[in-house]
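Visitor: Just dropping this structure here.
The values are calculated or read from the model by the stated rules, or taken from the named source; none is laboratory data. Note that this is a predicted model, so its numbers are computed, not measured. For neighbour counting, all protein chains shown are included, and Cβ atoms are generated from backbone atoms with ideal geometry for every residue, glycine included. Remember, those area values only see protein heavy atoms, side chains included, never the ligands or the DNA or RNA. Shrake-Rupley method; radii C 1.70, N 1.55, O 1.52, S 1.80 Å.
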Amino acid sequence: MAPYWISLLLAVGFMLLAQRPLNSVAATSRSAISARDGRDYSRWGVVASALVFIILTGFRYGVGQDYFYTYVPYFYRVRSGLGFQEMEIGYYALNYLVARFTDNPLPVFLVCSVAFFALTYAAIMRESSHPVFSVFLLFGMSYLFIYMNAMRQMLAVSILLFSLRYIEERDPVKFAACVAIASTFHSSSLVFIAAYYFPRLKITPCICLVLVSGFLLLKVPIASFVNTIIAKTQYAGYIGSIFDTGESGNVVIALNVVVLLFSAIVPKLYGGAYSERYRILLWCQLVATSIAILSGLIPLSQRLRWVFSLPSVILLPLAIDSISNIKLKFLIQLVIVVLYIVYIAITIGMWNGNNVVPYHSILMKGSL
């Protein structure tokens with residue numbers, strides 16, 4: 001786990017160093033990024049923070065369940081002229097282009113890492129009220145580790161996260177283009193088209209509580225109904241197959257429920273109204289939480305949850321930012337940091353979630 005803890009410290013540290021004091025004289029647009037928290041951030045500091053994770057994930061070797069199970073074999077099938085219909089066209093094209101120049105799949109992993117973290121950091125810097133905390137949550141909420149396993153889908157999810165700006169701007173063409181591009185890497189992205197209508201839907205703490213309670217109480221009949229529909233589609237073969245997996249543990253469900261209810265209730269306690277941006281993020285969390293509750297009962301439900309879950313790294317800082325008491329705000333942030341560090345230490349360090357422990361770099365390939 002040492003490489004992961006060191007990377008976390010470096011990534012967060014570079015973000016802290018990139019911060020400039022509030023009300024400071026703004027630097028040129030080329031050297032600074034203005035974030036939603038009112039601060040300017042050194043562009044190079046933000047890039048350095050992202051590079052830490054890019055190097056960690058892009059130069060890994062044999063890390064993640066799908067590394068040798070899916071991604072490396074697929075690259076060599078594409079190189080030999082096969083694999084065209086096995087995966088989405090975007091991911092096939094990436095492998096095809098790399099295979100024209102080298103017989104080493106490393107550039108595929110590196111390009112995906114650059115794209116994932118570039119898009120995710122861009123969304124964080126634009127949307128988050130606390131970019132440093134959001135970068136920590138990328139690690140604490142396990143998205144870094146999920147990416148190293150489900151690289152292809154998480155790349156698509158980062159495109160969807162980036163597309164949130166076009167929902168706010170009411171630009172259906174650019175939003176649809178983002179969803180379409182994401183779907184060329186993972187077809188599950190198409191369900192995110194529903195997010196365009198989230199700003200029009202009412203959402204309150206009561207609605208969140210009722211829906212979550214309903215899913216918890218009725219998850220078996222709901223799952224049975226959904227599986228009846230799936231059985232009539234091209235995905236019927238997944239029911240009862242080796243892919244009918246991905247059950248979220250009770251801890252994951254509990255964490256999603258707590259983040260949802262905290263984010264729904266806290267702003268209202270301090271007399272605030274949900275902004276359009278906040279409603280979008282809260283709806284994403286509500287959908288992700290509902291799917292988490294059904295995980296293990298519906299084929300590939302965990303994969304579907306990931307489509308809506310990444311915006312939580314922006315939602316939670318916004319929720320905390322609505323607290324007017326500075327000392328209470330700091331205390332809550334500290335508790336969250338400690339809890340997520342413990343969560344990662346157990347789920348990744350002890351249980352080896354996503355099969356990312358021990359970490360190996362491509363530089364260590366010859367010694368393995």
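Visitor: Scan Arg165, Arg170 and give me the residue that is of a type in the set (D, E, K, R) and part of a loop (DSSP other than H, G, I, E, B).
Guide: Numbers: Arg165 fails: part of a loop (DSSP other than H, G, I, E, B).
After ruling out the rest, the residue left standing is Arg170.
Visitor: Moving on. Which of the numbered conditions does Gly140 fail, given that it passes all the others? Conditions: (1) over 12 Å from the mean Cα position of the chain (by Cα); (2) under 14 Å from Pro317 (Cβ atoms).
Guide: So Gly140 meets the others, but not (1).
Visitor: Do you know which residues across region 346-356 are open to solvent by 40 Å² or more (accessible area, probe 1.4 Å) and either on the phi < 0 side of the Ramachandran plot or among the acidic types (Asp, Glu) (or both)?
Guide: Ile346, Met350, Trp351
Visitor: Next question. Tell me whether region 275-286 contains one or more residues that are open to solvent by less than 40 Å² (accessible area, probe 1.4 Å) and either free of Cβ contacts under 8 Å to residues at least 24 places away in the same chain or among the small types (Gly, Ala, Ser) (or both). Working first, answer last.
Guide: Of all residues in region 275-286, those open to solvent by less than 40 Å² (accessible area, probe 1.4 Å) come to 278, 280-286.
Applying the additional criterion that residues be either free of Cβ contacts under 8 Å to residues at least 24 places away in the same chain or among the small types (Gly, Ala, Ser) (or both) yields none.
Looking for residues that are open to solvent by less than 40 Å² (accessible area, probe 1.4 Å) and either free of Cβ contacts under 8 Å to residues at least 24 places away in the same chain or among the small types (Gly, Ala, Ser) (or both), one finds none in region 275-286, hence no.
Visitor: Looking at the structure I just gave you, is Arg60 modelled with pLDDT under 95 and either open to solvent by less than 30 Å² (accessible area, probe 1.4 Å) or under 28 Å from Gln333 (Cβ atoms) (or both)? Even if it seems obvious, please write down each step before you answer.
Guide: Working: modelled with pLDDT under 95: no; either open to solvent by less than 30 Å² (accessible area, probe 1.4 Å) or under 28 Å from Gln333 (Cβ atoms) (or both): yes.
The answer is no for Arg60.
Visitor: Failed condition for Tyr238, given (1) hydroxyl-bearing (Ser, Thr, Tyr); (2) modelled with pLDDT of 85 or more; (3) surrounded by 14 or more Cβ atoms within 10 Å (Cβ to Cβ), with all others met?
Guide: All conditions pass for Tyr238, except number (2).
Visitor: It is to be established whether one or more residues within region 97-111 are open to solvent by less than 10 Å² (accessible area, probe 1.4 Å), touching a Gly at 6+ places or on another chain (Cβ under 7 Å) and at pLDDT 95 or above.
Guide: Yes, there is a match, as at least one residue in region 97-111 is open to solvent by less than 10 Å² (accessible area, probe 1.4 Å), touching a Gly at 6+ places or on another chain (Cβ under 7 Å) and at pLDDT 95 or above.
Visitor: For region 303-355, what are the residues that are within 16 Å of Ile265 (Cβ to Cβ), modelled with pLDDT of 95 or more and not in a helix (DSSP H, G or I)?
Guide: Answer for region 303-355, where residues must be within 16 Å of Ile265 (Cβ to Cβ), modelled with pLDDT of 95 or more and not in a helix (DSSP H, G or I): there is none.
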